[in-house]
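Below: one structure, written as structure tokens.
The values are calculated or read from the model by the stated rules, or taken from the named source; none is laboratory data. Everything numeric here is computed off the predicted structure, so don't read it as measured data. Backbone-built Cβ (ideal geometry, glycine too); neighbour counts: all protein chains shown. With ligands, DNA and RNA removed, areas are computed over all heavy atoms of the protein, side chains included. Shrake-Rupley method; radii C 1.70, N 1.55, O 1.52, S 1.80 Å.
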Amino acid sequence: MSFQYLTNIPLAEARHTYFQGLQAGRFQAGAERIPVAESFGRVTAQAVYAAICAPHYPACAMDGIALAAGLTFGAGETTPVVLAQDQFVTVDTGDPLPEGCDAVVMIEEVIPQEDGTVRLYAPASPWQHIRQIGEDICAGEMILPSYTKISPSAIGAMIAGGVLEVEVLKRPVVGIIPTGDEIVPPTADPAAGDILEFNSSIFSAMLTEWGAIPRTWPIVKDQKPLIREAVSQALEACDVVLLNAGSSAGREDFSAEVVGELGQVLVHGIAIKPGKPAILGIAQGKPVLGVPGYPVSGIIVLEQILKPLLDRWFHQPEEEPEIRQAVLTKTVMSGLKYQEFVRVRLGQVGDKLTASPLGRGSGVVSSFMKADGILEIPQETEGLKAGSAVPVRLLRSPALLSQALVVIGSHDPLLDEVADLLRFAGPSLTMSSSHVGSMGGIMAIKRGEAHAAGIHLLDEESGGYNTAFVRRYFPQGGVCLVECVGRTQGLMLAPGNPKRISSIRDLTRAGLRYVNRQKGSGTRILIDYLCSKEGISPADIYGYDREEFTHTSVAVQIASGTADAGMGIYSAAKLYGLDFLPICTEQYDLLISDAAWETEPVQRLISILQSQEFRTRLEGMGGYQLGRPGRIRESF
């Protein structure tokens with residue numbers, strides 16, 4: 001097969017082409033009979049009719065006495081009716097109506113007498129408190145129409161109507177074939193170069209949620225005959241085949257070639273990002289999807305292509321996403337060639353719903369876990385500016401978003417501990433945090449896009465932290481600085497300090513690799529200041545422009561051996577077993593606007609900062625000096 005370039009078909013066109021191609025195929029659901037008690041969530045294959053009435057006998061609807069209503073006519077407050085023991089029958093709710101009776105009087109309205117008679121002070125109406133035959137369901141009535149998802153109450157209605165088995169659509173079996181020479185089964189200790197195969201676990205969970213039955217094949221090496229054999233087997237055993245990885249146009253990307261030989265490739269390349277290299281094929285009348293290997297790309301392709309296919313299998317309408325307008329907190333650039341899906345964190349700050357973009361890499365699967373919504377950037381759009389109103393597809397309910405504490409600013413692991421403690425404070429309380437550096441946090445508060453911002457900004461003139469910057473950016477006030485912690489900043493070094501680094505000046509030595517924090521972060525401002533103080537040019541430090549967005553990500557680079565040193569906090573160095581050269585103790589505060597102060601998320605935050613549990617956790621992490629966290633250090 002000669003090399004074929006990927007196409008770049010718009011998503012809507014690709015879906016239309018694919019769905020049209022499958023209409024004449026074998027992609028349709030059969031039916032099976034299952035016990036009604038096991039049918040929750042399944043879809044009816046045909047209409048369900050009642051076999052019996054419900055109730056199927058006249059039933060007493062109250063505890064009390066059953067009688068002939070005519071015996072009570074004329075009863076009143078001054079003219080009570082007295083009934084002999086043989087004129088009524090004591091009954092409980094659900095009992096069959098005794099012969100000769102046509103009414104039930106509630107026990108609360110019955111006045112028993114010592115001689116066994118009863119006295120009634122109100123007449124009974126014929127058929128009062130009696131459930132008639134077929135009151136709920138009549139035999140022969142339709143209980144559920146075809147292609148209806150079975151709810152818990154529908155199970156009860158079917159059983160009440162005498163239906164013990166129901167015909168439902170079979171669940172499609174979806175075969176997942178992971179491929180790749182570098183792919184290995186999940187392990188806690190992978191070797192360098194090994195890539196853990198977790199896509200099939202993600203896809204299986206998604207498929208189960210959508211009503212399908214996932215079946216995963218063993219990992220297949222990047223050899224065309226092996227891939228072809230696996231796809232052939234899956235086509236015989238499954239209704240849908242997912243061929244994971246090998247969908248691009250690289251040297252060992254055989255997916256398109258195999259699908260073309262076994263069937264037909266309708267689309268190879270969709271104008272979406274992530275997910276561009278997707279393959280939409282048909283073999284034996286069944287869908288065969290070539291799914292990109294990067295997890296986020298794969299998730300997008302399954303959501304945009306396979307989920308609508310499964311909706312068609314079950315004869316269900318596609319779910320209408322809930323769209324809300326949100327204010328974008330950071331400019332997002334995009335290529336003109338693609339429709340892009342950007343994961344965002346959302347938070348309700350006052351009357352403003354804010355959207356903070358998460359990591360956009362196709363392999364950054366954690367961004368999907370953290371995402372509250374999806375921002376779709378249309379094709380032919382260069383990007384979206386910070387502060388613009390954008391439509392966002394919600395992944396969480398608006399009620400949960402309204403309870404989220406929005407923290408934008410400098411990163412510190414203590415924020416993760418706050419997020420965890422929030423979950424103990426209440427089931428609806430969460431934290432939406434974005435690490436954009438101290439200056440980014442100040443601007444987020446200024447624009448009303450966050451409840452709180454972590455900041456640790458050194459004023460070079462006074463040597464103090466934070467206050468001078470707050471006064472500069474909030475000349476009219478309206479904010480306060482809440483004390484959080486003093487934390488030890490220093491150089492994180494490889495275990496054992498093999499480069500014998502003892503000062504900032506040592507960073508200029510030949511062969512030494514440095515990793516930095518991003519511009520605008522307090523840690524970057526600190527190292528810039530220290531270099532200036534020592535008369536060191538950043539150009540003399542190899543790797544000074546290599547930027548990471550968190551203390552832990554800097555620590556990871558050093559622990560993995562791709563860097564020798566980086567500025568950060570002690571708790572991050574301790575977490576990865578690194579050596580640490582202390583430089584200074586800085587003040588890490590939370591900047592909070594007056595408008596947000598009385599909100600429940602902020603008050604919960606203050607309560608957590610002042611708690612013994614918070615203090616205990618930070619003492620265990622190390623590198624923090626705890627004064628009076630949670631107190632207002634200064635109001636502006």
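Take every Cα pair under 8 Å in the chain that's 6+ residues apart, average their separations, divide by the length, and report that relative contact order as a whole percent.
Worked out over the chain, it gives 11 percent.
How high is the relative contact order of the range 438-554, given as a whole-number percent (alpha carbon pairs under 8 Å, six or more residues apart)?
Relative contact order here is 25 percent.
Out of VAL296, TRP313, LEU262, whose Cα points farthest toward the positive end of the dipole of the range 244-380 (charges: +1 Lys, Arg; -1 Asp, Glu; placed on Cβ)?
VAL296
Using only protein heavy atoms and a 1.4 Å probe, report how much of HIS56 is accessible, in Å² to the nearest 10.
Using a 1.4 Å probe on the heavy atoms, I get roughly 120 Å².
For the range 521-636, build the charge dipole from Cβ charges (+1 Lys, Arg; -1 Asp, Glu) around the Cα centre, then report which of VAL602, LEU575, THR616 sits farthest towards its positive end.
Sorting the options by dipole projection puts first THR616.
In whole Å, what are the Cα extents of the chain along the three principal axes, biggest one first?
So the three principal-axis extents are 110, 73, 44 Å.
If you place +1 on the Cβ of every Lys and Arg, -1 on the Cβ of every Asp and Glu, and leave all else neutral, what size is the dipole of the range 376-479 about its Cα centre, to the nearest 20 Debye?
So the dipole magnitude of the range 376-479 works out to roughly 400 debye.
If we count every other residue with Cβ under 15 angstrom of ALA468's Cβ, Lys/Arg +1 and Asp/Glu -1, where does the sum land?
Spelling it out: positives minus negatives among the neighbours equals -3.
Under unit Cβ charges (Lys, Arg +1; Asp, Glu -1), what dipole magnitude, rounded to 20 debye, does the chain have relative to its Cα centre?
So the magnitude is around 2880 debye.
Work from the charge dipole of the chain (Cβ charges, +1 for Lys and Arg, -1 for Asp and Glu, about the Cα centre) and give the residue of SER532, PRO391, GLY522 farthest towards its positive end.
Selected residue: SER532.
Tally up the carbon and sulfur contribution to the accessible surface of the chain as a whole percent, 1.4 Å probe, everything protein left in place.
In the chain, the share of accessible area belonging to carbon and sulfur is 52 percent.
For every helix of n ≥ 4 consecutive DSSP H residues, a contribution of -39,500 (n - 2.57) applies; sum these over the chain, divide by its total residues, and give [θ] at 222 nm rounded to the nearest 500 deg cm²/dmol.
-7000 deg cm²/dmol
Sort 108-120, 35-47 by packing, meaning the average of other beta carbons within 10 Å per residue, with the highest value first.
35-47, 108-120
Long-range amide H contacts for THR216: which residues qualify at under 5 Å (H placed 1.01 Å from N, peptide plane, sequence gap of 5 or more or a different chain)?
The list, which skips near neighbours in sequence, is ILE176.
Mind grabbing the accessible area of ASP136 for me, 1.4 Å probe, Å², rounded to tens?
Counting only protein heavy atoms, ASP136 exposes about 90 Å² to solvent.
Specify the inter-centroid distance of the range 119-135 and the range 76-93, based on alpha-carbon positions, in whole Å.
13
Whole number in Å², please: accessible area per residue of the chain, 1.4 Å probe, ligands, DNA and RNA not counted.
That works out to 45 Å² per residue.
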